[in-house]
Amino acid sequence: MTQVSCQSWGNLPSKVDLWMLQSPQVKVEVLTLGAIIRSVCSKGKDGQMEDVVLGYDDLEGYVSDKRYFGAVVGRVANRIAQGCFVVEGKTYQLDLNNGPNALHGGLHGFNKAIWIATAVENGVKMCLTSPDGDQGYPGAMQVSVTYTLQEETLTAEYQAQSTKTTPINLTNHSYFNLAGQAAAHIYDHEVSIIADSYLPVDDTSIPTGEINAVDGSPFDLRQPVLIGPQLKKIPGGGFDHNFCLSSPGDPWTERVAARVYHPASGRILEVSTNQPGVQFYTANFLDGSIIGKGGVKYVKHCSFCLETQNWPDAVNQASFPGCLLHPGEEYRHLTRFTFTSAD
């Protein structure tokens with residue numbers, strides 16, 4: 001049985017709450033600001049609980065954060081080329097907040113919104129209304145994410161409806177280190193991603209349109225690979241790529257996407273999703289300037305993200321899985337994070 005509780009957190013004009021979900025195996029904290037996963041404490045092989053999610057000690061850190069620590073990002077996660085797209089013959093121009101591109105929903109995306117929370121069995125449901133024209137996107141949108149914790153599995157279930165046709169691609173942007181959020185690097189983690197192909201990107205991180213087989217490349221992570229040596233083979237300083245979990249046209253069914261193992265602690269994270277892609281990111285842009293929990297400086301390669309998603313820039317790439325939500329339809333995205341340990 002999961003214990004669910006709530007308390008006020010921080011000092012903002014808008015009230016922010018901290019929700020706590022606790023099972024015998026795992027403890028999770030979630031904020032109503034950005035529907036942020038603030039912490040996940042899981043047991044290692046020694047039975048000790050450790051917080052494996054990066055973040056901040058206080059609310060001010062999250063308010064000023066520019067790296068999306070733990071947040072739900074939307075309407076469209078990842079990048080849209082030139083911040084521009086055409087839907088039903090109309091051109092939409094978004095703010096550019098990542099070089100020449102739009103990233104993670106805009107300057108004031110879902111990660112900066114205050115969500116309305118209600119308790120549900122084993123968890124919390126967070127709801128948000130995004131008005132027509134929000135950050136440049138068409139249609140008024142009703143969005144929810146429901147976090148539930150059952151034993152060692154944290155489930156995130158996203159739903160959305162829109163009054164106009166609009167692109168959508170929601171994800172959670174938690175940074176993980178299975179040695180603990182204060183650990184210096186992830187070089188001693190082993191990763192596997194169950195994907196036969198990946199999307200190469202240009203020098204602004206926009207997919208080129210090619211779908212490349214991982215076979216014979218440094219992107220072949222179908223069998224467990226130690227992250228440290230593998231990072232040296234990746235151009236550009238690390239992984240920040242979409243791995244294709246299904247092909248365009250395939251049904252979106254839940255499947256195991258990735259597994260990360262930290263031998264020293266025994267901790268294992270397994271991720272499953274119904275989305276067609278997962279962005280594997282190795283914190284290439286952290287540089288020690290961010291002070292996180294406990295005064296820890298977050299440096300390059302100190303963590304990893306597994307952002308379950310539709311493929312980046314899908315709204316501009318006709319050969320990618322469709323990302324448009326039409327009036328009368330419902331967007332449904334399911335992702336499960338399972339935290340266990342090996343003996």
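Any read-out appearing in this document is the output of simple, stated calculations on the displayed coordinates, not a laboratory observation. Small disclaimer: the values here were computed from a predicted structure and weren't measured. We place every Cβ from the backbone using ideal geometry, glycine too, and count neighbours over all the protein chains shown.
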### Message
For Leu245, Leu12, which order do you get if you count the other beta carbons within 10 Å of each Cβ and list the fewest first?
### Response
Leu12, Leu245
### Query
P(r) for the chain: what percent of alpha-carbon pairs falls in each 10 Å bin, starting at zero?
6, 27, 37, 24, 6, 0
### Task
Take the Cα of Lys90, step 7 Å along the line toward its Cβ, and report every residue of region 302-343 whose backbone nitrogen sits under 15 Å from that point.
325-327
## Note on the structure
Ranked from fewest to most other Cβ atoms within 10 Å of their own Cβ, His185, His333 fall in the order His185, His333
### Task
Please give, to one decimal in nm, the separation of the simple spin-label points placed at Asn98 and Met1, each 7 Å out from Cα toward the Cβ.
4.3 nm
### Task
Mind putting together the pair-distance distribution for region 227-292? All Cα pairs, 10 Å bins, whole percent per bin, short to long.
17, 36, 36, 10, 1
### Task
Would you mind computing, in nm to one decimal, how far apart the modelled labels at Ala140 and Val63 are, each placed 7 Å from Cα along Cα→Cβ?
2.9 nm
### Task
Would you mind putting 22-33, 42-53, 298-309, 166-177 in packing order, based on average other-beta-carbon counts within 10 Å, highest first?
166-177, 298-309, 22-33, 42-53
### Query
For region 184-209 and region 282-343, what is the separation of their C-alpha centers, rounded to whole Å?
12 Å
#### Entry: Semi-axes of the equivalent ellipsoid for region 4-158, Cα gyration tensor, largest first, Å
31, 16, 15
### Message
So if I place +1 on the C-beta of Lys and Arg and -1 on the C-beta of Asp and Glu, and nothing else carries charge, what would the dipole magnitude of region 3-341 be about its Cα centre? I want it in debye, nearest 20.
### Response
360 debye
### Task
Positive end of the charge dipole of the chain (Lys, Arg +1 and Asp, Glu -1 on Cβ, about the Cα centre): tell me which of Ala119, Gly228, Gln309 has its Cα farthest that way.
Ala119
### Message
With just the Cα atoms defining each centre, how far is region 87-150 from region 35-49? Give it in Å.
### Response
27 Å
#### Entry: Charge dipole (debye, nearest 20) of region 20-138; +1 at Cβ of Lys and Arg, -1 at Cβ of Asp and Glu
280 debye
